[in-house]
Amino acid sequence: MKGQNYNPRWIIAAVSAAVLAAALPSAVQAKYGSSAAPQSDPSKAAQQETKKKKKKGEQALPEPGADFSPEFRKQAPAAQKLANEKKWAEVIAALPALDALPGLTPDDLKVLATWRLQATQATGDTEGFAAAIETYLERGYATPEQIGPMHQQLAAHYNGKQDRAKTVTHYRQFIDATPDAEPEQLQTLGRLYLQALNYVEAAQWLGKAIDVTKSGGKQPNEVWFQLRDRCYVELKDQTGRLNNLEALVGYYPNKEYYSRIVAVYQTESRDDRTIMLNAYRMAVADPKGGMATVGSYLGYADTALVAGSPGEAARGLERGMKEGIVPSAGSNQASLQEARTAIALDRKSLPGESTAAARNPKGQVAVKVGLGYYSTGDYEKAVEMIRLGITKGGVARLDDANLLLGAALMELGRRDEAKAAFEAAATAAGANVYMARIAGLWLALAARQDVAPAGG
């Protein structure tokens, strides 16, 4: 300007990272799924620097070596004065003429971009503010600590416009720029991917939220597991789904989750009777577990009767009836009476079978008698016979025998011994992943403090 001496201190403070960070508090509040959108949070260092400058009544100096064009030096002070006086509407009105100046340098353009950023925010122009942030990012003006909050701001803006593609794009860039993101922020990204039907990314980020929470010694949110289950169903990923569901019942045991696990075992094992008996037994042994459908309880009863464990059939039906899941009349009542009759017969025959098994060199015979004692509820005798059989050797399924041993020990409240049996079962299972998984569920149950032995 004519008659005005050039002073390098006139240039806008927002070239400074500190002032820009202070200028960025959120202008848009939105929600992603059911989680509130985290708001931009300038660093403490930036806030302190800004306060110091305000106290001194100074503007921040331009970046070292800043190169401003002659025309910009002439025309910009008027706009700078308006900015200092926070006359933001007038700043916006002045910007087109400054944009049209010839020979604008990169430093000129950065100052204009920053003015536009501050002015659109201050005047409540959300569309203009979002466009200004995008320009600032695209041109590389943002410092590392500004990148994350700016993308977060854009995600909030586009979420409010229901633009899912841009919302997830910017929120992902926010997360990528935030190495110490909180679990809630990670699960928010997972939800956004789920809304966008990107199930692979959704499962991954929900899993990261769970893992980070666990690493901090806290219990992950139940909903995160539920959402990840949906992802695995859509992806038809049974292994991933089982891993998720088994972790879920470790934190939040209930009959619905156990039923899903058992259903997957049934499908994937082609209804293998040994696997299914152990799966049903484990689910129903958990006081907070059980089964969610009539078919599951009837399946347990049928499988147990065929395996020679009528006591399990009776206990399963009784629990299902008590919970109001299994109707207590008709054929179900007949099945229960059939099981009870078989239990009475077993109680009479087991002592003789036990004596014979002790003389038999094959350990499988003693394990079979142990199952009979487990069925009738004589858990001490069950432990004795199963251990005898394992010691003798010749047991057809060591994984099955050790799972049964552990189940009997759990009924007696002898958790440490039960854990050793379940670990032995997992080792013996080898390639039979489902028997190993059932052992893992038992171990999780044994580790819980709220489980009282059903036989005690």
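The values are calculated or read from the model by the stated rules, or taken from the named source; none is laboratory data. It should be emphasised that the depicted structure is a prediction, and the values quoted were computed from it without experimental measurement. Cβ atoms come from the backbone with ideal geometry, glycine included; neighbour counts cover every protein chain shown.
Structure data summary
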{"item": "Residue within segment 326-335 that is crowded, with 24+ Cβ neighbours inside 10 Å and touching a helix residue (DSSP H, G or I) at 6+ places or on another chain (Cβ under 8 Å) present", "result": "yes"}
{"item": "Residues located in segment 170-198, provided they are farther than 18 Å from Val233 by Cβ, of a type in the set (S, T, N, Q), outside any loop (DSSP other than H, G, I, E, B) and over 13 Å from the mean Cα position of the chain (by Cα)", "result": "Gln173"}
{"item": "Residue list for segment 336-361, restricted to those being exposed (fewer than 14 other Cβ atoms within 10 Å of the Cβ), closer than 30 Å to Gly389 by Cα and of a type in the set (S, T, N, Q)", "result": "Thr341, Ser349, Thr355"}
{"item": "Residue that is farthest from the chain's Cα centre (by Cα), among those in segment 296-342 that are outside any helix (DSSP H, G or I) and of a type in the set (A, V, I, L, M, F, W, C)", "result": "Ala329"}
{"item": "Conditions (1) surrounded by fewer than 23 Cβ atoms within 10 Å (Cβ to Cβ); (2) in contact with a Gly (Cβ under 7 Å, 6 or more places away or on another chain); (3) of a type in the set (Gly, Ala, Ser); (4) more than 21 Å from Ala447 (Cα to Cα); number of the one not met by Gly413", "result": "(4)"}
{"item": "Qualifying residues in segment 204-226 (those that are closer than 22 Å to His170 by Cα and either at pLDDT below 95 or over 8 Å from the mean Cα position of the chain (by Cα) (or both)) - the one surrounded by the most Cβ atoms within 10 Å (Cβ to Cβ)", "result": "Val212"}
{"item": "Total residues in segment 102-147, condition over 34 Å from the mean Cα position of the chain (by Cα) and under 16 Å from Val91 (Cα atoms)", "result": "20"}
{"item": "Answer residue from segment 285-295, given it is within 26 Å of the chain's Cα centre (by Cα) and surrounded by 17 or more Cβ atoms within 10 Å (Cβ to Cβ) and is farthest from Pro327 (Cα to Cα) among those", "result": "Asp286"}
{"item": "Filtered residues of segment 81-131 (kept if among the aliphatic types (A, V, I, L, M), more than 15 Å from Glu71 (Cα to Cα) and without any contact (Cβ under 8 Å) to a residue 24 or more places away in the chain)", "result": "Leu82, Ala93, Ala131"}
{"item": "Exclusive hit being more than 30 Å from Lys74 (Cβ to Cβ) and among the charged types (D, E, K, R), set Glu138, Glu145", "result": "Glu145"}
{"item": "Matching residues, segment 229-245, being surrounded by 15 or more Cβ atoms within 10 Å (Cβ to Cβ), among the hydrophobic types (A, V, I, L, M, F, W, C) and more than 12 Å from the chain's Cα centre (by Cα)", "result": "Leu242"}
{"item": "Pairs where the first residue, in segment 227-239, is outside any helix (DSSP H, G or I) and the second is of a type in the set (A, V, I, L, M, F, W, C) and modelled with pLDDT of 95 or more, C-beta under 9 Å, 6+ apart", "result": "Asp237/Ala203; Asp237/Cys231"}
{"item": "Verdict on Arg437 being assigned to a helix (DSSP H, G or I), of a type in the set (Lys, Arg) and closer than 26 Å to Ala247 by Cβ", "result": "yes"}
{"item": "Some residue of segment 418-428 being in a loop (DSSP other than H, G, I, E, B) and surrounded by fewer than 23 Cβ atoms within 10 Å (Cβ to Cβ)", "result": "no"}
{"item": "Given (1) buried (at least 19 other Cβ atoms within 10 Å of the Cβ); (2) more than 20 Å from Leu403 (Cβ to Cβ), number of the condition Ile275 does not satisfy", "result": "(2)"}
{"item": "Among residues of segment 147-169, those that are assigned to a helix (DSSP H, G or I) and either over 13 Å from Thr126 (Cβ atoms) or of a type in the set (Phe, Trp, Tyr) (or both), counted", "result": "14"}
{"item": "Qualifying residue in segment 272-284 (condition: closer than 30 Å to Ala366 by Cα and not in a helix (DSSP H, G or I))", "result": "yes"}
{"item": "For Gly250: the one exception among (1) within 16 Å of the chain's Cα centre (by Cα); (2) of a type outside the set (Lys, Arg); (3) assigned by TED's automatic domain parsing to the domain that holds Asp400; (4) closer than 26 Å to Asn198 by Cβ", "result": "(4)"}
